[in-house]
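Below is one structure, written out as structure tokens, with a few remarks after it.
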Amino acid sequence: MLINGQWVDSASGERFPSYNPYTEEAWATIPQAAESDVDRAVQAAREAYRTVWSKTNGLERARLMMKLADLLEAEAERLAELETADNGKVIRESLKNMKQAARYYRFFAGYADKIYGEVIPMDQTHLFDYTMREPIGTVALITPWNSPISILANKLAPALAAGNTVVIKPSEHASVTTLEFGELVRKAGFPDGVVNIVTGDGTVGNFLTRHPGIGKISFTGGSATGKIIARNASENLIPCLLELGGKSPNIIFADADLDKALAGAFAGVFGGAGQTCIAGSRLLVQRPVYEQVVERMMERIRAVRLGNPMDPATDMGPLANKPHYERVLSMIRTGEAEGATVAIGGKTGYERGLEKGWFVEPTLFVDVNQRMTIAREEVFGPVLCILPFDDEEEAVAMANDSKYGLASGIWTRDISRAHRIARRMECGQVWVNTYRINAAQVPFGGVKQSGYGRERGMHTLMEYTVVKNVMVDLSV
């Protein structure tokens with residue numbers, strides 16, 4: 001683990017295996033942090049903030065972040081291979097994530113010396129009032145296993161740009177690339193203690209999120225865990241940024257460009273084997289084109305090649321870990337038991353002839369209603385439900401009939417309709433005639449049980465700062 005600029009083992013010496021989801025074999029061992037390790041990491045971050053980082057100007061922070069981006073880009077292929085070995089994502093997606101992360105560090109480096117306050121005009125002319133935006137201090141960054149490095153960049157880049165020090169806790173199912181990234185932080189020249197990394201299971205996250213030395217928590221993961229973290233944070237009255245689950249609707253109207261809509265809907269749910277919070281896992285299709293969309297989606301699914309995620313020709317890799325693999329299969333069986341029909345897919349890789357790997361075929365459900373578990377709960381796997389609708393009102397009602405509110409898609413040639421419906425969507429991100437496109441400049445986050453706060457874009461800088469007001473009496 002990386003604590004105060006040094007590589008250290010856990011205080012207990014305990015380690016646990018990380019499994020390659022394609023070979024099903026342990027390929028690395030990871031330290032299991034003790035509570036004392038978490039405390040050392042937090043104290044190192046606080047001391048680094050007090051003595052060094054709070055005195056480092058934005059120009060220097062930007063220089064270090066630019067250097068980090070250069071190193072990340074130079075090591076992108078190696079890190080992509082490590083990440084694919086750790087979570088099973090196909091290699092081209094892992095490589096894209098590394099380059100995307102480098103872009104995020106460069107983007108936020110540009111903001112590091114441009115975080116301004118404001119002058120506030122007062123009713124009394126003898127009063128001069130202004131604000132300053134200051135760093136929070138030390139923040140905890142907790143990342144999931146599906147895209148460790150790119151999701152870490154969502155958090156670490158603005159946190160560093162704003163002048164905070166951090167303690168990072170990656171998922172126990174995919175910690176390798178985060179630890180490798182820690183060496184890039186050292187090579188870039190960041191002062192000791194500015195970036196710290198502790199690893200381990202949920203007990204480590206519990207120690208970290210309840211630590212009184214943490215000023216804010218940023219978490220990406222499941223809604224159930226997000227609720228636990230919010231409760232832990234409340235003990236110390238600290239804020240959270242929670243980017244949680246989703247059950248995102250993707251709406252295809254009869255006037256849509258179906259070639260484009262089908263390509264976007266397919267990639268929107270089956271990219272990354274469906275292991276993404278923004279997966280468009282509810283495909284709502286207007287009745288005149290419903291049967292056509294179902295048939296054409298089945299054709300696309302038939303063509304999907306499962307296999308070694310290191311092979312550039314592979315379309316879909318295995319699921320990231322065995323517990324999740326078993327959960328996805330359980331969700332598919334629940335869908336069948338509740339009366340939904342598997343139009344295609346639903347089998348494991350073993351049933352399809354693959355001798356190893358936690359594979360689940362891309363799966364399409366029809367005969368689905370809004371009350372079924374498969375239509376209401378996040379699967380986080382390669383599972384799509386297609387539901388018909390008649391008109392705009394029904395489409396909006398179905399789309400918003402969810403406890404989640406992360407993302408949505410609208411496919412139509414009618415620009416007035418697109419804007420009309422986008423305004424009515426109860427979510428944080430709406431895509432029109434595209435899906436699952438991210439950018440450093442664009443704010444991202446959810447409403448309802450998909451969480452709160454925003455990542456990326458200038459909006460996330462506000463998440464990592466606090467406002468201080470200064471009022472001066474100029475009268476004699």
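The values are calculated or read from the model by the stated rules, or taken from the named source; none is laboratory data. Values in this document were obtained by computation on a predicted structure and should not be read as measured data. In this analysis, Cβ positions are derived from the backbone assuming ideal geometry, glycine residues included, and neighbour counts consider all displayed protein chains.
Considering 89, 67, the condition of being at negative phi and either polar (S, T, N, Q) or in a loop (DSSP other than H, G, I, E, B) (or both) is satisfied by 89 alone. Among all positions in segment 235-245, there is at least one residue which is over 27 Å from residue 407 (Cβ atoms), out of contact with any Gly (no Cβ under 8 Å at 6 or more places or on another chain), without any contact (Cβ under 8 Å) to a residue 60 or more places away in the chain and not acidic (Asp, Glu). Note on segment 325-345: residues that are surrounded by fewer than 20 Cβ atoms within 10 Å (Cβ to Cβ) and of a type in the set (Gly, Ala, Ser) total 4. If only residues of segment 9-31 that are in contact (Cβ under 8 Å) with a residue 60 or more places away in the chain and more than 13 Å from residue 85 (Cα to Cα) are counted, the one that is farthest from the chain's Cα centre (by Cα) is 10.
Checked against (1) within 25 Å of residue 38 (Cα to Cα); (2) hydrophobic (A, V, I, L, M, F, W, C); (3) without any contact (Cβ under 8 Å) to a residue 24 or more places away in the chain, residue 119 passes all but a single condition, namely (1). Of the helices (runs of 4 or more DSSP H) entirely within segment 363-476, those holding at least 2 residues that are assigned by TED's automatic domain parsing to the domain that holds residue 349 occupy 373-376, 392-400, 415-424.
The requirement of being part of a helix (DSSP H, G or I), in contact with a Cys (Cβ under 7 Å, 6 or more places away or on another chain) and hydrophobic (A, V, I, L, M, F, W, C) is fulfilled somewhere in segment 233-254, by at least one residue.
Within segment 384-435, the residues that satisfy the criterion of being in contact with a Ser or Thr (Cβ under 7 Å, 6 or more places away or on another chain) and under 22 Å from residue 258 (Cβ atoms) are 384, 385, 399, 407, 408, 418, 425, 430. Mind listing just one residue for me: the one in segment 336-362 that is out of contact with any Lys or Arg (no Cβ under 9 Å at 6 or more places or on another chain) and among the hydrophobic types (A, V, I, L, M, F, W, C) and, of those, nearest to residue 315 (Cα to Cα)? Among those residues, the one meeting the criterion is 354. Taken across segment 264-273, residues that are at positive phi and crowded, with 24+ Cβ neighbours inside 10 Å do occur, with at least one present.
With respect to residue 308, determine if the residue is in contact with a His (Cβ under 8 Å, 6 or more places away or on another chain), assigned by TED's automatic domain parsing to the domain that holds residue 425, of a type in the set (S, T, N, Q) and within 16 Å of residue 87 (Cβ to Cβ). So residue 308 fails the test.
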